[in-house]
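The values are calculated or read from the model by the stated rules, or taken from the named source; none is laboratory data. Note that this is a predicted model, so its numbers are computed, not measured. With ideal geometry, Cβ positions are generated from the backbone for all residues, glycine too; neighbour counts draw on all protein chains shown.
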C-alpha cells in the first residue's frame, strides 16, 4: 500500500476537522465551467526583456504562483 504524501495527510486532516463543506450541484458546475474556460491548450513563445522577466518572477513569488501562471492570467484578462 502506498504511503500518503504530506499534502494528502494535510487534506485528510482538514476533512476530519470539517474544514471542507459540501457545495450544491449548481455551484460545482459553475466552478467546473470556470476551470474549463481556463484550460491551457496552446503554446506561446515570446522574447522579453530580462529585467521585465525578473520583475514578473518577483511578483509571481509574492502572489505564491508560478510566473507562467501569472502571465497566463494577465493575458486572459486582457483578452476577455
Criterion (surrounded by 10 or more Cβ atoms within 10 Å (Cβ to Cβ) and outside any helix (DSSP H, G or I)) met by exactly one of 75, 23: 23
Could you grab me the full set of residues in the stretch 34-53 that are part of a helix (DSSP H, G or I), out of contact with any helix residue (DSSP H, G or I) (no Cβ under 8 Å at 6 or more places or on another chain) and either surrounded by 12 or more Cβ atoms within 10 Å (Cβ to Cβ) or modelled with pLDDT under 85 (or both)? 34, 35, 36, 37
From the list 11, 31, 56, pick out the single residue that is in a helix (DSSP H, G or I), touching a residue at least 12 places away in the same chain (Cβ under 8 Å) and under 19 Å from the mean Cα position of the chain (by Cα). 56
